[in-house]
Structure formats: structure tokens, C-alpha cells
Amino acid sequence: QVPLVESGGGLVQAGGSLRLSCADSGRLFSISRMGWYRQAPGKQRELVASITNGGSTTYADSVKGRFTISRDNAKMMVYLQMDSLKPEDTAVYYCNRVVSGSTDWGPGTQVTVSS
């Protein structure tokens, strides 16, 4: 499987912003559903946002109005713009690809929001 590579994580103060990027080099990117998940210590991995190949988006209630997912099919990139960050957004964020019955994950990028 073609790997996914996340970038853009880091340490930010509450109220700040970060933009996560996920690079995909697979030929099926344009027909893939892409998503961002996160996992905080001691918690299950949860969906943050997803975007279909047609551009339809879904968000977790906890991030609606603060996070925006987008994709660039020409560059085979998916992004997560995170604004008004809260300490509870602290987690490892994972890029996810679903296509043709197959699911793949990136290694994750740490996001830490200090209060």
C-alpha cells in the first residue's frame, strides 16, 4: 500500500491555529474518501473530519465551526485547518484513506494544545 505521511503538528497555545497536511502518492487518491482521526492518551481513536472524492464533508460535533477539512486532488493532499484550538484537542492526529474496500493510515502527528 502507498503510505500516507502527515505533517504540521506541534505545540500551540489555546486559541491558536495549526494546519495539518497529509500527502498521498497513490493513483487512487482522487476516488478515495480521506479523513482525519485523533487519539488522546487513554481514549479510543475518533473521527475528526472526513471528505469524499466529491468534496462532501463530515465533522465531529466537537470540532464543528473550528476545523475545516479540504483536499487538493492535483497535489494528492488533504488538509485539516484547526482554529480556536482547545486543550482537549490534544492528541495524535492520523490521516486515513478508504478506497476500494481498503483502509490505510498514516503514522500520525502529535498536536499539543497548552492552556
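The values are calculated or read from the model by the stated rules, or taken from the named source; none is laboratory data. These numbers were taken from a predicted model, which means no experiment stands behind them. SASA here: full protein model, heavy atoms, side chains in, ligands and nucleic acids out. Shrake-Rupley method; radii C 1.70, N 1.55, O 1.52, S 1.80 Å.
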Worksheet item: Which values of log₁₀ I(q)/I(0), to two decimal places, follow from the Debye formula for the chain at q = 0.14, 0.15, 0.17 Å⁻¹ with a uniform point scatterer at every Cα?
Response: -0.51, -0.58, -0.75
Response to the item:
Carbon plus sulfur, as percent of the 1.4 Å-probe accessible area of the chain, comes to 49
Fill in: Per residue solvent-accessible surface (Å²) - region 28-115, probe of 1.4 Å
49
Discussion item. Between region 97-112 and region 1-17, what is the separation of their alpha carbon centroids in Å?
Written reply: 13
Discussion item. Tell me the relative contact order for the chain as a rounded percent, counting alpha carbon contacts under 8 Å between residues six or more apart.
Written reply: 36
Worksheet item: Where both residues lie in the chain, what percent of DSSP beta bridges are antiparallel, nearest 5?
Response: 90
Worksheet item: Of ARG45, ARG27, ARG38, which has the most accessible area with a 1.4 Å probe, and how do the rest follow in descending order?
Response: ARG27, ARG45, ARG38
